[in-house]
Amino acid sequence: DMKGIMRYASTILPMDESLILTAIDISGRSYLGFDVVFPTEKIGDFDTELVEEFFMALTRCAEITLHIKKMAGENSHHIAEGIFKSFARSLRTAVAIDENFKDQLRYKNFVVSETNNSDKYYLYADGIGIYFSFYRKIDL
């Protein structure tokens, strides 16, 4: 049940010389933006490429939008640790209950217009603003 959750959150976390940004949207749509280059391929016996693989699987299964960006850092261990800690803080904030919206979803979709070829124009609102989107059905 997503009623009342904050939905959006971001964290900038320093971990020694590294600086990591995470931003999350519990949207029901899976996307991972992973802008991190590790200086080494391994941290001990751990393959650093598994960090991105973990978050790719997590975003797909949890249907969340997540952006992770390394803003600074030279030590692979500090970068990886910063990523997980920054994500944890962002997730904690995003799933927290907002008392102002505790009985409602943070977003609602309204079909504004629908054309004959299945194009739809949506207006959707959350506790922060009102947005307009266009969706086109594509047959493959």
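The values are calculated or read from the model by the stated rules, or taken from the named source; none is laboratory data. All values reported here derive from a predicted model rather than from experimental measurement. Glycine gets a Cβ as well: all are built from the backbone with ideal geometry, and neighbour counts include every protein chain shown. Quick note on the areas: whole protein, heavy atoms, side chains included, nothing else; ligands and nucleic acids left out. Shrake-Rupley method; radii C 1.70, N 1.55, O 1.52, S 1.80 Å.
For the reader, a short list of remarks on this structure follows.
- Test: residue 37 is of a type in the set (A, V, I, L, M), open to solvent by 50 Å² or more (accessible area, probe 1.4 Å) and touching a residue at least 24 places away in the same chain (Cβ under 8 Å): yes
- Residue 44 satisfies every condition listed in (1) open to solvent by 80 Å² or more (accessible area, probe 1.4 Å); (2) of a type outside the set (Asp, Glu); (3) at positive phi except (1).
- First in the range 45-62 and in contact (Cβ under 8 Å) with a residue 40 or more places away in the chain, second anywhere and among the charged types (D, E, K, R) and surrounded by 15 or more Cβ atoms within 10 Å (Cβ to Cβ), Cβ under 7 Å, 6 or more apart: none
- Yes/no for residue 16 being on the phi > 0 side of the Ramachandran plot and modelled with pLDDT of 95 or more: yes
- Total residues in the range 1-13 satisfying the condition of being open to solvent by 50 Å² or more (accessible area, probe 1.4 Å) and at pLDDT 95 or above: the figure is 2.
- Close Cβ contacts (under 6 Å, 6 or more residues apart or on different chains) running from residues in the range 19-34 that are assigned to a loop (DSSP other than H, G, I, E, B) to residues that are open to solvent by less than 20 Å² (accessible area, probe 1.4 Å) and hydrophobic (A, V, I, L, M, F, W, C) comprise 26/64; 26/94.
- Scope the range 36-62; condition basic (Lys, Arg) and outside any strand (DSSP E or B); matching residues: 60
- The lone exception for residue 44 - which of (1) modelled with pLDDT of 95 or more; (2) over 20 Å from residue 92 (Cα atoms) it fails: (1)
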